[in-house]
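The values are calculated or read from the model by the stated rules, or taken from the named source; none is laboratory data. Here the structure is a predicted model, which means the values were calculated and not measured. Every residue, glycine as well, gets a Cβ built from its backbone with ideal geometry; the counts of neighbours run over all protein chains shown. For the accessible areas, the whole protein counts, side chains as well, though only heavy atoms, and no ligand, DNA or RNA atoms are used. Shrake-Rupley method; radii C 1.70, N 1.55, O 1.52, S 1.80 Å.
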Amino acid sequence: MSTMTAAVVEDFGQELNVTADVPLPEPGPQQALVKLIASGVCHTDLHARDGDWPVKPSPPFIPGHEGVGIVEKLGEDVTNLHVGQTVGNAWLWTACGSCEYCRTGWETLCEDQLNGGYSTDGSFGQYMLVDARYAAAIPDGADPHEIAPLLCAGVTVYKALKMTGVRPGQWVAISGIGGLGHIAVQYAVAMGMRVVAVDIADDKLALAKKHGAEVALNAKGTDPAHEIQEQVGGTHGVLVTAVHPSAFGQAINMTRRGGTIVFNGLPPGEFPAPIFDIVLKGLTIRGSIVGTRQDMVEALDFYARGLIHPTYSKRPLGDVNAVLDEMHHGKIDGRVVIDYGA
Ligand code: NAD
Ligand code: ZN
Ligand code: ZN
């Protein structure tokens with residue numbers, strides 16, 4: 001077989017073309033060819049399709065950076081993977097390995113990185129390539145569909161929760177209970193944090209409660225910051241995974257003094273930031289982008305220990321346009337995972 005079926009972005013803002021005519025990729029040095037079993041669908045794939053961000057991918061390209069599959073063929077010089085092994089791709093598909101960021105444990109900031117499903121083809125196809133040095137090793141016994149969302153959503157929120165500096169027993173607010181947020185609730189609980197969940201839909205808040213949030217607040221048409229101050233005296237940290245800029249401005253007033261606000265969500269736009277409050281309350285506001293390979297190992301280990309169970313539903317690749325449409329309208333419960341067996 002020299003071709004495969006894949007979902008291809010041919011033009012920004014248009015439906016993906018699901019076609020059987022995509023040439024099967026050939027693994028180069030340090031690369032492996034992987035036959036997909038499952039791939040999560042991240043909101044970043046929707047931003048990629050729509051060309052939402054200042055740095056854009058170049059169509060045609062295949063999205064997807066939560067892919068799990070079996071190594072079928074190795075390129076030259078691969079020493080750390082074997083044929084038959086289960087691996088995943090990631091947003092951090094490869095990096096240079098030698099710049100200041102790579103050398104100091106900040107490979108997620110490498111200026112020469114390639115991103116899975118964005119600047120290199122991803123997991124919305126029957127096969128994908130991985131860089132063997134950056135592919136995630138999937139723990140033995142993992143359910144490929146259940147673990148897929150951890151390859152982006154999981155590692156991203158795990159890292160971001162660490163960046164909040166919130167300690168066991170302290171409060172964290174998680175704003176946006178979608179694919180990232182519902183997994184963030186689970187990591188936060190597993191890390192000993194107490195969780196306030198915020199979303200604009202009651203079904204998302206119910207999902208957060210199911211996964212261990214103690215307080216859940218609906219931000220539709222109102223600013224939940226006041227309620228958070230009333231109920232818990234402000235949180236020690238905030239993690240924003242929401243896809244609307246209004247959530248970013250609201251996050252600043254959710255913390256108590258000295259709090260840290262970490263942004264994961266990437267909606268195009270800006271938010272107002274009150275200088276007086278930031279200075280007088282000694283707040284830290286920072287961005288966080290996915291996680292390093294070591295963050296991935298740690299995030300997947302939480303799963304291997306039975307602490308994280310993404311809520312997901314399986315769909316065939318042919319449904320990908322419908323899935324992106326449902327995501328745009330906030331209709332997805334947890335994560336959708338493409339099932340290549342279907
Ligand atoms: P999703 O569509 O699954 O979830 C988004 C959630 O935000 C939904 O539950 C929606 O109801 C909620 N929401 C919308 N408006 C809101 C508001 N005003 N207040 C509170 N909640 C609101 O998306 P996802 O896959 O979880 O991704 C979320 C965002 O994170 C996207 O912008 C994505 O690109 C970004 N992302 C960033 C990183 C990173 O490393 N920084 C990694 C992955 C995804
Ligand atoms: Zn993602
Ligand atoms: Zn680098």
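Do we find a residue being within 16 Å of ligand 2 (Cβ to nearest atom), modelled with pLDDT of 95 or more, open to solvent by less than 60 Å² (accessible area, probe 1.4 Å) and closer than 30 Å to H65 by Cα anywhere in segment 253-261?
no
State yes or no: is G117 open to solvent by less than 30 Å² (accessible area, probe 1.4 Å) and on the phi > 0 side of the Ramachandran plot?
For G117, the condition - open to solvent by less than 30 Å² (accessible area, probe 1.4 Å) and on the phi > 0 side of the Ramachandran plot - is met.
Which residue is farthest from R257 (Cα to Cα), if the candidates are limited to segment 170-185 and must be more than 10 Å from ligand 1 (Cβ to nearest atom) and open to solvent by less than 10 Å² (accessible area, probe 1.4 Å)?
Out of the qualifying residues, it is V185.
Collect the residues in segment 32-43 that are within 16 Å of ligand 1 (Cβ to nearest atom) and open to solvent by 20 Å² or more (accessible area, probe 1.4 Å), keeping them in residue-number order.
H43
So is V18 among the β-branched types (V, I, T), on the phi < 0 side of the Ramachandran plot, crowded, with 16+ Cβ neighbours inside 10 Å and assigned to a loop (DSSP other than H, G, I, E, B) or not?
no
Considering only segment 276-312, state which residues are farther than 30 Å from C110 by Cα and either open to solvent by 50 Å² or more (accessible area, probe 1.4 Å) or in contact with a helix residue (DSSP H, G or I) (Cβ under 8 Å, 6 or more places away or on another chain) (or both).
F276, D277, V279, L280, K281, R305, L307, H309, T311, Y312
Looking at segment 132-143 only, could you name the residues that are of a type outside the set (G, A, S), out of contact with any Lys or Arg (no Cβ under 9 Å at 6 or more places or on another chain) and either surrounded by 24 or more Cβ atoms within 10 Å (Cβ to Cβ) or within 16 Å of A299 (Cβ to Cβ) (or both)?
I138, P139, D143, listed by residue number.
Filter segment 72-90 down to the residues that are farther than 20 Å from F124 by Cβ and among the small types (G, A, S) and list them by number.
G75, G84
From the list G97, G84, G64, which residue is open to solvent by less than 20 Å² (accessible area, probe 1.4 Å), out of contact with any Pro (no Cβ under 9 Å at 6 or more places or on another chain) and assigned to a loop (DSSP other than H, G, I, E, B)?
G64
Determine which member of the set V41, V22 is within 16 Å of ligand 2 (Cβ to nearest atom), touching a Gly at 6+ places or on another chain (Cβ under 8 Å) and not assigned by TED's automatic domain parsing to the domain that holds G269.
Selected residue: V41, the only one of V41, V22 that is within 16 Å of ligand 2 (Cβ to nearest atom), touching a Gly at 6+ places or on another chain (Cβ under 8 Å) and not assigned by TED's automatic domain parsing to the domain that holds G269.
Table: residues versus (1) aliphatic (A, V, I, L, M); (2) within 16 Å of ligand 3 (Cβ to nearest atom); (3) assigned by TED's automatic domain parsing to the domain that holds D52.
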| residue | (1), (2), (3) |
| --- | --- |
| V71 | yes, no, yes |
| D77 | no, no, yes |
| Q85 | no, no, yes |
| T104 | no, yes, yes |
| T108 | no, yes, yes |
| Q113 | no, yes, yes |
| S119 | no, yes, yes |
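Pull up segment 212-252, narrow it to residues that are of a type in the set (S, T, Y) and within 11 Å of ligand 1 (Cβ to nearest atom), then point me to the one that is modelled with the lowest pLDDT.
T222
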